[in-house]
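Here the structure comes first, spelled out in structure tokens, and everything after it is commentary.
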Amino acid sequence: MKEMGELWSQLGSLMATIMFVNAMYKQFFPHHLRVYARKYTQKFTRLMYPYIQISFHEFSGERLKRSEAYTAIRTYLSANSSERAQRLKAEVDQGRQDSVVLSMDDNEEITYEFHGVKLWWSANYTLPRTHSFSFYPSSEEKRFLTLTFHRRHRHLITTSYIQHVLKKGRAIAVDNRKLKLYTNNSSIDWHGWKGTKWSHVNFEHPSRFETLAMNPKKKEEIVKDLERFKTGEKYYAKVGKAWKRGYLLYGPPGTGKSSMIAAMANYMNYDVYDLELTAVKENTELRKLLIETSSKSIIVIEDIDCSLDLTGQRKKKKKKKDEDDEEKQKRNPVKKAEEEEKKQSKVTLSGLLNFIDGIWSACGGERIIIFTTNFVEKLDPALIRRGRMDKHIEMSYCGYEAFKVLAKNYLEVESHSLFPTIEKLIGETNTSPADVAENLMPKSADEDPEICLKSLIESLEEAKKKAKKEAEKKAKKKAEEKAEKKAKEDMEDNEKKELTKDEKVEATGKSGEEVKENDIH
């Protein structure tokens, strides 16, 4: 115990001496001398210490954006750290609340080998020495990953290994990522350090091409088109086109346009950006939203004919009434401000065309742009021409092949004695897949497939009767309009004849009877 006490006494004296020397060094040595001392000390240390360290910080850049390299490396290490690290950090998986993601804990180190070269990865963090005000504040802890290796392997690590880790990390992230559904925020929410242009939730729509009620040949054609696009990066570069593709989905309500978009997203493993045009105030905001979208994504504008006045209403000549209103607004600034406030969006057709197919559309690759509409004839031809909307897909009424897909999905039935009756009725009526699906869905546990099929037959028969009545009503209305038009034309002809007789009387000065007699002779 006496020897231990002496040891601690000597250690305390040594520490006090070191602290005294350090204080004297900082007090009496000028700053530039300390810089030189540190410089040559580091050179001496490098001669004695043969290892190189590379740090990858979590945030970088002026506004401290999350580093893509850090994210990819962290993903790569997380996939292997559970078997190598002794201290792990557990986080709840955002996509599945019942599972956790394990990663290397702070100040933990794990060892790897690459082509026979031993290297070390460690997770570290630092705390800021001083507090400073910033418009873009971040976490107090500055996290970073450190790679340590022998300097003789510098070339192998910097040219091969780091690229290998980044590639593997991105591939793991793509395989494990959860699809997201984004919607654009109003521009008033863009500013501030927490402001974002897009908000998102996990995309969990179950629609797939296997469950889509559509003609099998048409589905196969769409799938092949998507496959060509997904593997066509070099082809698009060769022909000089941006790596994007436009789809126009059109057809009556209930024909599965939204389900088609979800099936595309699940098949391609792409995120979905649902763009609400009415929340975009001007064309510049539209471009900013485009820049913020990621690659491997689908940008959707649903019911584009209803979103804004972009349905071919190009700039027209102002009427006198409009000019008078503008003149009044100039005289009354308050009224003018109120009118401008009412016009929420100033997005123009030209701005949307540039968004789809202009120079800005090439910012990023592997994007699909989809428009949906119930009335394709209302859209401006420039908006849906080939090259902007490359493929037009008509989502039509439910056919017999689509019915069989629905019957298999909802009832697990591939054939039944009632199928021929349904095939005949479907061919005679215009029924949407949504209506067919509603009738096929069992309303209780007691309903068997036959009851559901009979319910569908009744619905189709009612739709047939209703369609027949509407057709008769239209035919009757058309006949009445035709008869009314004929009567109107006859009346106009009689009026013209009477007018001609009056003109002849005035010209000759004779009575109507004399004119008539002369006409007879």
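The values are calculated or read from the model by the stated rules, or taken from the named source; none is laboratory data. All values derive from a computational prediction rather than experimental measurement. Cβ atoms come from the backbone with ideal geometry, glycine included; neighbour counts cover every protein chain shown. Ligands, DNA and RNA are excluded from the accessible area calculation, which covers all protein heavy atoms including side chains. Shrake-Rupley method; radii C 1.70, N 1.55, O 1.52, S 1.80 Å.
For this structure, a couple of remarks:
- I54 vs. criteria open to solvent by less than 80 Å² (accessible area, probe 1.4 Å) and closer than 29 Å to Y125 by Cβ: yes
- Listed by first and then second residue, the pairs linking a residue in the stretch 47-69 that is basic (K, R) to a residue that is modelled with pLDDT under 90 and surrounded by 12 or more Cβ atoms within 10 Å (Cβ to Cβ), with Cβ atoms under 9 Å apart and 6 or more places separating them unless they lie on different chains, are R63/Y136; K65/F59; R66/E58; R66/F59; R66/S60.
Per-residue answers, yes or no, for (1) under 14 Å from M268 (Cα atoms); (2) in contact with a Phe, Trp or Tyr (Cβ under 8 Å, 6 or more places away or on another chain); (3) open to solvent by 70 Å² or more (accessible area, probe 1.4 Å):
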{"site": "K178", "(1), (2), (3)": "yes, yes, yes"}
{"site": "S187", "(1), (2), (3)": "no, no, no"}
{"site": "S207", "(1), (2), (3)": "yes, no, no"}
{"site": "L212", "(1), (2), (3)": "no, no, no"}
{"site": "D225", "(1), (2), (3)": "yes, no, no"}
{"site": "G232", "(1), (2), (3)": "yes, yes, no"}
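- Among the conditions (1) hydrophobic (A, V, I, L, M, F, W, C); (2) out of contact with any helix residue (DSSP H, G or I) (no Cβ under 8 Å at 6 or more places or on another chain); (3) touching a residue at least 12 places away in the same chain (Cβ under 8 Å), A237 misses just one, which is (3).
- Scanning the stretch 385-417 for residues that are outside any helix (DSSP H, G or I), open to solvent by 30 Å² or more (accessible area, probe 1.4 Å) and farther than 25 Å from L248 by Cβ yields a total of 5.
- Elements of the type helices (runs of 4 or more DSSP H) sitting completely within the stretch 267-372 and holding at least 3 residues that are open to solvent by 70 Å² or more (accessible area, probe 1.4 Å), at pLDDT 80 or above and farther than 29 Å from G251 by Cβ: these cover 283-292.
- Flag if M389 is closer than 30 Å to E450 by Cα and not small (G, A, S): no
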